[in-house]
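Readers should treat all values here as calculations from the given coordinates under stated rules, not as data from a laboratory. For clarity, every value in this text was computed on a predicted model and none was experimentally measured. Virtual Cβ from ideal backbone geometry, glycine too; neighbours counted across all protein chains shown.
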Amino acid sequence: MVTLEDIEEIKQLKARYCRCVDLKLWAEFRQIFSDDCRYVGSAAAAPGPDEFVERVAASLVELKSVHHVHNPEIRPVGDDTARGSWSLQDYLFWEKGARVPPWLKGSEEQLSVVGFGLYEEEYKRTSDGWKIDRMRLSRLALIPLFEQGPMFTGAATLQQVWGDPDPEWIAGGGFKAGAH
């Protein structure tokens, strides 16, 4: 029987999905999926989880991303299975001259895109906890953004503007004195 505690674990699984993609933690990302996971939709569609992780990693080599999922609707469909949907907003950005997938970049002036979509997923309980067993992404909109405004002026790079999170803190290492 799927309980509210199970549903919370599934929410944590999806949060881990976003964190792993944005921090490019590909080995941990792979552990989110069942060994027979099926993924359909978008340019990263793949016959299995290993190929899916490879395609996502390859598409983000020179990009940074920020993924937000919200409005989860999760319901049990069996004793060890559930289905869910999540609203998606993601922001993909890159430096000038970066290798960007052609489906994402419209012109040389474009430096980022804001995307909106819907994840539809199936989950199954395994001996290692809940895993994504089937995933489909439906893109509702991709809005190109161009070089303009204070964020892209001067010598600052995107790295300097945002910085990187501390993966040790995220993984459970806790707040470190003196860190910002």
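Key figures
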read-out: Estimated vicinal HN-Hα couplings, Hz - the stretch 80-91 in sequence order (Karplus 6.51, -1.76, 1.60; Gly, Pro = x); value: 10, 9, 8, 10, x, 9, 9, 6, 10, 10, 10, 10
read-out: Loop-located trypsin sites (Lys or Arg not before Pro) in the stretch 61-132 whose Cβ has at most 16 other Cβ within 10 Å (DSSP); value: Lys96, Arg99
read-out: In sequence order, calculated HN-Hα J values of the stretch 132-145 (Karplus, 6.51, -1.76, 1.60; Hz; x Gly/Pro); value: 6, 10, 7, 9, 9, 10, 10, 7, 9, 6, 10, 10, x, 10
read-out: Residues whose placed amide H lies under 5 Å from that of Ser112, excluding near-sequence neighbours; value: Leu145
read-out: nm² value of the averaged projected area, convex hull over the Cα atoms of the stretch 4-161; value: 9.8
read-out: Given Lys64/Lys124; Lys24/Lys131; Lys11/Lys124; Lys14/Lys124, the pairs whose alpha carbons are separated by over 23 Å; value: Lys64/Lys124
read-out: Between the stretch 70-124 and the stretch 13-65, the Cα center-to-center distance that results, in Å; value: 11
read-out: Spatially proximal aspartates and glutamates relative to Lys105 (Cα-Cα < 17 Å; intrachain offsets below 8 disregarded); value: Glu62, Asp90, Glu95, Glu147
read-out: Förster radius 30 Å - calculated FRET efficiency between Val77 and Lys24 (Cβ-Cβ, nearest 0.05); value: 0.40
read-out: Efficiency of FRET between Asp128 and Arg99 - r from beta-carbon atoms, R0 45 angstrom, step 0.05; value: 0.80
